[in-house]
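Just so it is clear, none of the values below were taken in a lab; they were calculated from the coordinates. Small disclaimer: the values here were computed from a predicted structure and weren't measured. Counting neighbours? That spans all protein chains shown, and the Cβs are built from the backbone with ideal geometry, glycine included.
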């Protein structure tokens, strides 16, 4: 009888290295498709818009032509005025999103993991959720005035609801068989939550964070249009009030670009944090 | 470390004091308005160092029996003792390998094994076990990058981290192909010898039970009970085509076909 594990057989199994799915190519490579989606499609849209203004399909006093918008964009960037509005808006967005999301994840974990927590607060939370965040605006203004607090709270509220709901669901969807493994290994509830339940909810948490980010942009602009004297929402509303059609569109494009960047950033963080997943991925 | 353990185990085995004693009077499942007797008077004991298998048709309650010993199911009449202590729930004196590897996909192989231990578990112990199951060069891989056989080796290493006195195996090789299964069976025997672990294997594969065990408990169903206990005395490694082996297989098949009907 041999005492040593037969190394040869073991090695044979270990050669089976390439069970790993093929790696994605670098997403920075310029392919014809990248060119099409980032150059050709936007250019075609801008051309259509330009033609519509040029041939008076829309009144040029109300809608600016692309060339005017481009010139104005450069002006605003050089003078630093646009950067200022961006900084103000991003400050509100990031604060509201982070506070709201973190609280939402924390409450979601508590509700998902502890029956008592869910019994105590879930009925109230689930009654609060159907109220659209925008419907909170009057109350927030009454309570906190039109300052920064009410804006950050509005954004935070939207993020909180989204993250809470999905985190609780993600925790509850954890594989019972894996939870049983932690049980067999005598792990405490705290270890179970940190090392098993929370990681298994991560994909859903990140999907919710991206939805919350999109919602945060919407709520930011709503808050700034309704009651503000700075920020991108105020900027486009002010441009309408004082008939500056170029500014209006510069503001809109800025929001679009920043929204896209924030989503791309979250998407990258999500892909890294859940790189262990064995998914189709598209 | 394992050498010291091994010699300690051998002494214990020499004394033949049962490490595990199972007296399971009744185990009943309740569903709405009716109840079903799943296990009926299961009594046996395992001396330290012995390898015992439980074979039986599917649905005979063998996995339920294993879950009771693991402490995952405590709702039964009777008592189970491991190393003199009454089983009231899961404990680190027992390691469990399930039919599926049940690895945590968000932990690399090494983390999956280390997770089973506690603060005092040494990295060297984790590495030693991974090399014992032949996965030294896969330590940093994600579970998704493992084949079925490799994943089950990780699960075995994980179950051994805490130096359990009893290893419970619930059809651990059931999902593997024939070649991998045969290789894992051979390796399992050597690993358990080295670690000095007593093992209880639940399987529906008669050959597997005969290759690995000192004793085979043949179960019958409705209600689940032990129909016969068969001692396997031939030397290891065992040959499936050996005359004695074939005779034992035929005997077990005979018991299963009559009691199963």
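Of note:
- Computing FRET efficiency as 1/(1 + (r/R0)^6) for residue A:191 and residue B:31, where r is the C-beta to C-beta distance and R0 is 45 Å, gives about 0.85.
- Net length gained if the chain between residue A:253 and residue A:126 were fully extended (0.36 nm per residue, minus Cα distance): 42.1 nm
- Mean-square fluctuations from a GNM of chain B, with a 10 angstrom spring cutoff on Cα atoms, peak among B:243, B:133, B:38 at B:243.
- Across the stretch A:167-282, the mean sequence separation of Cα contacts (distance under 8 Å, 6 or more residues apart), normalised by length, yields a relative contact order of 23 percent.
- Residues considered: B:61, B:174, B:95. Largest GNM mean-square fluctuation over chain B, using C-alpha springs under 10 Å, is found at B:174.
- Expected 222 nm ellipticity per residue - DSSP helices of 4 or more, -39500 (n - 2.57), all of the protein assembly as shown, to 500: -17500 deg cm²/dmol
- For residues of B:143-150, the mean tally of beta carbons on other chains within 10 Å: 5
- Pairs of Cα atoms nearer than 8 Å and 6+ residues apart set the relative contact order; for chain B it is 25 percent.
- Comparing A:233, A:104, A:259 in a Gaussian network model of chain A (Cα springs below 10 Å), the most mobile by mean-square fluctuation is A:259.
- Alpha-carbon centroids, the stretch B:111-153 and the stretch A:174-199: separation in whole Å: 18 Å
- The stretch A:80-128 and the stretch B:163-186: distance between their alpha carbon centers, rounded to Å: 47 Å
- Alpha-carbon Rg with Dmax, taken over chain B, Å: 18.2, 54
- Applying 0.36 nm per residue to the separation of residue A:54 and residue A:116 and subtracting their alpha-carbon distance, the gain on full extension is 15.8 nm.
- For the peptides B:44-52, A:53-61, B:157-165, A:75-83, the ranking by mean Cβ contacts within 10 Å, running from highest to lowest, is B:157-165, B:44-52, A:75-83, A:53-61.
- Distance in nm between pseudo-label sites at residue A:210 and residue A:243 (7 Å out along the Cβ direction from Cα): 4.4 nm
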